[in-house]
1. Collect the residues in the stretch 81-109 that are part of a helix (DSSP H, G or I) and not β-branched (Val, Ile, Thr), keeping them in residue-number order.
2. Give the residues of the stretch 156-212 that are farther than 22 Å from residue 11 by Cβ, within 13 Å of the ligand (Cβ to nearest atom) and in contact (Cβ under 8 Å) with a residue 60 or more places away in the chain, sorted by residue number.
3. In the stretch 335-346, what residues are farther than 13 Å from residue 289 by Cβ and of a type outside the set (Gly, Ala, Ser)?
4. Which of the residues spanning the stretch 333-364 are more than 16 Å from the chain's Cα centre (by Cα) and farther than 17 Å from residue 287 by Cα?
5. Looking only at the stretch 99-108, how many residues end up being away from the ligand (no atom under 14 Å from the Cβ) and in contact with a Leu (Cβ under 9 Å, 6 or more places away or on another chain)?
6. Can you spot a residue in the stretch 224-231 that is of a type in the set (Phe, Trp, Tyr), out of contact with any Gly (no Cβ under 7 Å at 6 or more places or on another chain) and within 16 Å of the ligand (Cβ to nearest atom)?
7. Of the residues 342, 321, which is within 23 Å of residue 20 (Cβ to Cβ), of a type outside the set (Asp, Glu), in contact (Cβ under 8 Å) with a residue 12 or more places away in the chain and in contact with a strand residue (DSSP E or B) (Cβ under 6 Å, 6 or more places away or on another chain)?
8. Which members of the stretch 295-307 meet the condition of being at pLDDT below 95 and either crowded, with 20+ Cβ neighbours inside 10 Å or within 25 Å of residue 340 (Cβ to Cβ) (or both)?
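The values are calculated or read from the model by the stated rules, or taken from the named source; none is laboratory data. Keep in mind it's a predicted model, so treat the numbers as computed, not measured. Virtual Cβ from ideal backbone geometry, glycine too; neighbours counted across all protein chains shown.
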Amino acid sequence: MDNALAELIRISNETGGDPTLVQGGGGNTSVKTADGQYMYIKASGTALKDMNERQGWRRLRLDLARSVVLDKSLAKMPPQRREPEVVNRLLLACDDNIKTVARPSVEAHLHAWLDKCVIHLHPSAAGAYHNAKNGRAKLEKPFKDEPLPPLWVPYTDPGYLLAKRIARLVDRYQGQFGKGPAILFLAKHGLFITERTAAGALRLVRRVISRCNSKLRQPRTGKTRFVSQDRIDEAKACIERAYSDGTGEKATIWYYNNNAIEDFCRQRNAKKMLVGCLTPDELVYANGPAMWVEKCDPQSIARRLRRQIERERKPSVAFLVKGVGLFVAGTEKIAPTVRDIVLYSIFIRTNAHRMGGICILNRRQEDFITNWESEAFRKKLANGQT
Ligand SMILES: [Zn+2]
């Protein structure tokens with residue numbers, strides 16, 4: 001096996017199993033070969049933890065992947081034509097013997113502009129900053145001892161425009177510091193780490209997360225409060241009915257509770273904090289934030305779901321019921337991903353709120369994601385492939 005592929009599997013498996021770093025099929029990784037000709041990258045639709053020697057990756061010609069960002073004709077196309085064209089070109093850049101339909105990660109062209117090993121994650125600890133109104137300024141203190149400062153990337157629609165913006169910012173950074181950035185915080189999106197070696201990249205991931213966490217509020221540990229089975233069953237039946245009345249679809253309802261959920265539900269501002277969508281992933285995998293349910297009344301929940309649909313929003317699939325816990329509507333496969341997204345989201349919301357306010361996606365940004373992901377992501381979601 002090529003050494004670059006072995007490194008790719010290592011960085012993917014080591015980070016992909018931790019839901020505080022990445023949830024569902026989110027995040028991606030890549031490693032460039034020693035001769036600088038190729039780049040191994042995660043395939044779209046596979047989870048990082050499931051990658052192995054046989055599946056979950058593609059090999060691309062690096063010059064072709066880079067040329068996508070440089071192509072000026074793409075910039076002029078409307079997004080609905082441009083994005084499928086980019087996906088197509090990345091597929092054409094693939095040079096391996098893989099006989100599957102697996103596409104390279106949609107962010108492959110972006111990886112092509114970074115150092116040899118790239119780890120892109122959606123860690124809740126980073127999210128607390130990149131989703132906070134003062135997040136950028138708050139990052140200065142924990143990272144003041146880094147040899148070079150992290151690069152802050154303002155929110156940009158994912159896909160081609162994000163790759164282009166990162167290429168530009170990386171070039172400018174290089175001009176300023178004589179070296180490309182190793183740590184990139186992407187507003188309302190996630191974290192990129194890029195290093196020469198797999199070991200170095202993994203070490204840097206750990207350091208960045210612990211630096212971020214050093215200033216954050218963590219949920220308390222210990223036993224959760226007892227919730228009677230009757231109350232759980234009652235709330236579950238209520239959500240089940242509300243979901244089917246509100247959306248016209250039947251779904252299995254799953255119940256989760258732990259310290260983080262309990263902690264969040266007890267906060268005075270819980271309801272206020274659940275307004276708006278944090279990141280593309282929260283929208284794609286969990287249809288936005290969990291719905292806050294003060295009192296379990298199926299009619300009023302169904303009304304709220306109907307209102308979301310009328311406003312052309314995807315109906316909530318997660319429900320935080322005060323004093324009971326989290327309920328998720330969905331298949332056995334997707335429900336744990338939604339739970340992980342909710343845990344990620346409530347951690348970010350709690351901390352960003354304390355930092356001065358939560359940054360959410362605006363309507364235009366949400367609409368772009370909904371349209372952009374419609375082909376690739378929603379299909380995966382429906383099939384429970386994530
Ligand atoms: Zn991402």
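1. From the stretch 81-109, those part of a helix (DSSP H, G or I) are 81-92, 108-109; that's our starting set.
Selection gives 81, 82, 83, 84, 85, 88, 89, 90, 91, 92, 108, 109.
2. Scanning the stretch 156-212 gives 157, 159, 187, 188.
3. Of the stretch 335-346, the ones farther than 13 Å from residue 289 by Cβ are 335-337, 339-340.
Of everything in the stretch 335-346, those that are farther than 13 Å from residue 289 by Cβ and of a type outside the set (Gly, Ala, Ser) turn out to be 336, 337, 339, 340.
4. Selection gives 350, 351, 352, 353, 354, 355, 356, 357, 358.
5. Quick first cut of the stretch 99-108, residues away from the ligand (no atom under 14 Å from the Cβ) only: 99-104.
Cutting the leftovers down to in contact with a Leu (Cβ under 9 Å, 6 or more places away or on another chain) gives us 103-104.
Within the stretch 99-108, residues that are away from the ligand (no atom under 14 Å from the Cβ) and in contact with a Leu (Cβ under 9 Å, 6 or more places away or on another chain) number 2.
6. Narrowing the stretch 224-231 to residues of a type in the set (Phe, Trp, Tyr): 226.
If we keep only those that are out of contact with any Gly (no Cβ under 7 Å at 6 or more places or on another chain) too, we end up with 226.
Restricting the remaining residues to those that are within 16 Å of the ligand (Cβ to nearest atom) gives none.
No, that holds for no residue.
7. Working: 321 fails: within 23 Å of residue 20 (Cβ to Cβ).
Answer to the check: 342.
8. Correct list: 296 only.
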